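Single-structure report; data block below.
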Amino acid sequence: MSIPNSRSPIVDLPPEVLLMIFKHASQPRTFEKSELEADARGEAVAIVHASCEAENTAHALPFVCRRWHNVAAMESTYWKHLDINIDGSSFIPAIVETFFVASRNSPISVTIVPPLGKSCSLTASQEHSRWQFIMANMSLHLGRLTSLCIETYYRSTSVIISRFLDGATLSLEDFRLTSHETDDTSPLQICSLNLTSSRLYELHIDAGSFVSLMESNIQWPSEGSTDLNLKRYHPISASLALSPAHLMAALQKFGQGRSCRQVAIDEVQFGPDDSPPNGISLPEVSYIELVDIHGPFIPLICNAIRQSSQMESMIVRGCSTPSRSPLLGYELLIRDIDSSVSLLRMVQGSEVAYLDISECDGFDDWFLGALSLRGEADNSVTCPNLSRLEVSDCTFSASALQRMCEMRHEDAPIKYIKVRLGSKLDDDSRSWFESHIEVFDWEERASSNFEAMSALEQLLSRVVDISNLGAGI
């Protein structure tokens, strides 16, 4: 009995035939009517999913083996997107080199990031070396980029990357240059950048690099707007922290050159307060998100957006403020604020109508008492426009919430209350809320195993006491 040949037949196929198979495999599949849901949305979701599957297949083909890589290089269709991990198995120098050549003159997008959830295995010099290789291959093709998304382990790598971007003309819809560790606080090495032919819907960049970029000669697109996301900038030494005044000046300069309606600032370490130039304002901003921001910056940005007639909502998570900083907008979403004093400083004087608070130890009975107090000058309560309140997983009592509602009932009533993961609500309190609040919903926190065991022990203890009492009689 002969042993069958284990060699796969596909290995012997001519390149032209293999390319035809590739084209078929990377086409979005068609669906039978029975596979689609009856509504139009189900059909649309299925078609989009199939298109994504086809894109993923086309992207994966060159990574299978050297021969497939060479065959795929015959067709630019397979080289629209370069999406690799800088510190993973998908970083293959031959793929990088081929990508920019095999894509011919087609528009391209590049996304190069560290593996999700994996600790860094590269030293700074190793990452520098890999990125110098990538940028040397990319530099002649910058004008074809529609999206450039770069996430590095070390900010020093971003500084090296910036050398290759200096003087470039880009046509980007999405530009991202962020880092995990602020090992270098040097400015970007960009003197000029031409973005006039870009749509630039989104700009993600570490806050220090943003300040540096705004000191360069940037030609912005004349139409449309850009959502600005300022990411982690956390130097090892506090003495190297970012100047709040410098960031405010950079934000104003950006707003003067480019329409910006949404701003998000995340994990930025600020130095001591240094007064920014007078008259800084961000009049077009309608949405702001602040995450893990401490020190003097929050009062500055709140003051800058005070003149905005378009301000709709703010999200604040894990922040603190040293002074009164009324948050602006019709809607405020506040998360993870430990200090009731900081929380009061953020809402005191605010004209918010809808307040959504979650996982805030600062939302306690003292804070609710402060919402009930009236000012000596005008006799108005804190947040006079507040009518809708949603609270989840906070440390307050139902009695304090009821007192706050009673104190505001005449001229600043709370009309909507929704509580999630609240304490146990007794029947009398529930009856009061349901009769005085137009829309009321209270969901109690489920008892933990520890609480359940404690309750059971107390019950058993009472049973034993009653038994002993009966035996004594």
Would you confirm whether any residue within region 314-325 is within 23 Å of LEU195 (Cβ to Cβ) and of a type in the set (Gly, Ala, Ser)?
-> no
With the condition kept exactly as written, say whether any residue in region 308-325 is closer than 16 Å to HIS246 by Cα and touching a residue at least 40 places away in the same chain (Cβ under 8 Å).
-> no
Counted residues, region 319-330 - those being under 21 Å from VAL391 (Cβ atoms) and either of a type in the set (Lys, Arg) or surrounded by fewer than 16 Cβ atoms within 10 Å (Cβ to Cβ) (or both) = 1
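For SER275, state whether it is out of contact with any helix residue (DSSP H, G or I) (no Cβ under 9 Å at 6 or more places or on another chain) and not charged (D, E, K, R).
no
Name the residues in region 105-119 that are in a strand (DSSP E or B) and in contact with a helix residue (DSSP H, G or I) (Cβ under 8 Å, 6 or more places away or on another chain), would you?
Matches in region 105-119: ILE108, VAL110, ILE112.
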Quick one: which strands (runs of 3 or more DSSP E) lie wholly within region 127-196 and hold at least 2 residues that are of a type in the set (Ser, Thr, Tyr)?
-> 145-154, 174-181
Out of region 203-239, which residues are modelled with pLDDT under 95 and in a helix (DSSP H, G or I)?
-> ALA238, SER239
Residue selected from region 311-338 under the condition part of a loop (DSSP other than H, G, I, E, B), under 23 Å from the mean Cα position of the chain (by Cα) and among the small types (Gly, Ala, Ser), by the criterion modelled with the highest pLDDT | GLY318
Do we find a residue being among the hydrophobic types (A, V, I, L, M, F, W, C), within 21 Å of LEU61 (Cα to Cα) and free of Cβ contacts under 8 Å to residues at least 40 places away in the same chain anywhere in region 112-124?
-> yes
Are any of the residues in region 223-237 closer than 29 Å to SER119 by Cβ, in contact with a Pro (Cβ under 9 Å, 6 or more places away or on another chain) and not acidic (Asp, Glu)?
-> no
Check region 86-102 and report whether any residue there is at pLDDT 95 or above, acidic (Asp, Glu) and closer than 30 Å to SER216 by Cβ.
-> no
Counting only residues that are surrounded by fewer than 18 Cβ atoms within 10 Å (Cβ to Cβ) and within 26 Å of GLU127 (Cβ to Cβ), how many does region 96-112 have?
-> 4
Before we move on, is SER147 at pLDDT below 95 and either polar (S, T, N, Q) or on the phi > 0 side of the Ramachandran plot (or both)?
-> no
Counted residues in region 289-310 being part of a helix (DSSP H, G or I) and either touching a helix residue (DSSP H, G or I) at 6+ places or on another chain (Cβ under 7 Å) or surrounded by 18 or more Cβ atoms within 10 Å (Cβ to Cβ) (or both) come to 7
Out of curiosity, is LEU200 on the phi < 0 side of the Ramachandran plot, surrounded by 19 or more Cβ atoms within 10 Å (Cβ to Cβ) and of a type in the set (A, V, I, L, M)?
-> no
Only residues that are under 18 Å from VAL439 (Cα atoms), aliphatic (A, V, I, L, M) and assigned to a loop (DSSP other than H, G, I, E, B): list them for region 364-420, please.
-> LEU386, ALA412, ILE414
For region 243-261, indicate whether the set of residues that are among the small types (Gly, Ala, Ser), under 24 Å from the mean Cα position of the chain (by Cα) and part of a loop (DSSP other than H, G, I, E, B) is non-empty.
-> yes
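The values are calculated or read from the model by the stated rules, or taken from the named source; none is laboratory data. Keep in mind it's a predicted model, so treat the numbers as computed, not measured. Using ideal geometry, Cβ is built from the backbone for each residue, glycine included, and neighbour counts are taken over all protein chains shown.
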